[in-house]
Structure formats: structure tokens, C-alpha cells
Amino acid sequence: MAKAAEIVGLYMAPPENAVVLSVDEKPSIQALERAQGYLKLPTGRALIGQSHDYKRHGTTTLFAALEVATGKVTGRHYKRRRRVEFLDFMNKVVADYPEREIHVILDNLSTHKPKRDLWLARHPNVHLHYTPTRTSWLNQIEIWFSILSGKSLNGASFQTVHQLKAHIDAFIESYNQQARPFVWTKSQVHQKRLKPCFADQ
């Protein structure tokens, strides 16, 4: 696929002096307050932990941009996931790279690609590259969202949305202190000789 090859090319050999950003949003992250519970064993001992019961305290939508060359992440919280929030986030991201050519990798969400893109016309230094349909996994920010969920959000408990946002922001700050670019690897493929098979007559 030409689109997939274009994106992989941006990862492997970005244009000289250009910034490549991987951008997407993680919508409706819930501030769940998990109830404490315990399991009584036949021996009489109790294992203390978190039960499956929880209270919902609202949600936040996280817009995030991963700088491919460094692995560092920029994130901002919004209440909704519309074009206006996306453009507000992009304005803040682009402002961090004045007078630089910027290549942005996005999925095909309609929020990212209107029919008449006036914002893009006002930012001639920004070039958008869309992943092919059903291949949003090509977007490296999706890898980071998995890291966020696995290392920070899974099993966590929050009493307010503000607490959830602060937790995510602290994770981003800590992550950026040791950020590394993702490295694309390919296993060596060895062709196997096929065994002859004959059907019974």
C-alpha cells in the first residue's frame, strides 16, 4: 500500500530538518473510583484488594502527540472530541516548532480530515499523512496509549476527573524524562521447503 509505505518512510527516513509527529486522541477516559474488597479463603485468611465495584466520576479525552525522533509526548485534556478541540490542540503543538516543516501522522477519523481544510491552508509548513483504513496501528501514538493504559491507568482509582488528569499529566512528565524513540524491527524470514502431499486415490 502506498499510504502505508509513505508512513513507514517517515519513520525510517524523515525529511531533513523536519519534525515528524504521531497524533491521535484517547476519548472518554473514565475516572473510576474502585471499591476496596476482600476474599475470604477456606483457611480463614483474607486477601485484601480491589473489588469489581466502582463509581464513575466523569471522563476526559486526551489528545496526544508523539515526537517520533525523541519519543517525547505532548498531551492536553478536553471534554469532547470534535474538530474544534483537535484544532486547538494542533495550534498548541505547531507553536512548539516555529518555522519548522512538520509532518503529522493521523488516522482517518472525520475530525482529522474535513472536505475544506482552511486550517491546513493557513499552515503551509504542516503536512498531514493518513494511515490506510483499518491500519491505525501504524500510528506510533497508539503504542504509547497502550503504555499509558498498561503502566498507569489499569487498576488505578480516582475520586475526581481533576485527579485523573493530574495523574495522566504526571505520567507524561515522568515518561518524557526517559523517553526513547520507538525502533522498528523486522525478524529475518527463512523460506521453508514444502513437504509434498498427495491425496489418496
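The values are calculated or read from the model by the stated rules, or taken from the named source; none is laboratory data. Being a predicted model, the structure only gives us computed values, none of them experimental. When we count neighbours, we look across all protein chains shown, and the Cβ atoms used for this are built from the backbone with ideal geometry, even at glycine. In case anyone asks, the SASA skips ligands and DNA or RNA and just uses the protein heavy atoms, side chains included. Shrake-Rupley method; radii C 1.70, N 1.55, O 1.52, S 1.80 Å.
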Subject >> Carbon plus sulfur fraction of accessible area for segment 119-165, probe 1.4 Å, in percent >> reply: 54 percent
**OP:** For segment 138-184, state which chymotrypsin sites (Phe, Trp or Tyr not before Pro) are in a DSSP loop and have at most 16 other beta carbons lying within 10 Å of their beta carbon.
**Re:** PHE182, TRP184
Subject >> Theoretical gain in end-to-end length, ASN125 to SER149 [0.36 nm per residue, Cα-Cα removed] >> reply: 5.4 nm
Subject >> Solvent-accessible ranking of ARG83, ARG116, largest area first, probe 1.4 Å >> reply: ARG116, ARG83
Original post:
If you keep only loop residues by DSSP, which GluC sites (Glu not before Pro) in segment 65-107 have at most 12 other Cβ atoms within 10 Å of their Cβ?
Top reply: GLU99
**OP:** Of the listed pairs LYS3/LYS72; LYS113/LYS165; LYS55/LYS113; LYS26/LYS115, which have alpha-carbon separations greater than 32 Å here?
**Re:** LYS55/LYS113
Original post:
What is the extension gain from GLN163 to HIS57, computed as 0.36 nm multiplied by their sequence separation minus the C-alpha to C-alpha distance, in nm to one decimal?
Top reply: 37.1 nm
Subject >> Gain in span if fully extended, ARG81 to ALA95, counting 0.36 nm per residue against the direct Cα distance >> reply: 3.0 nm
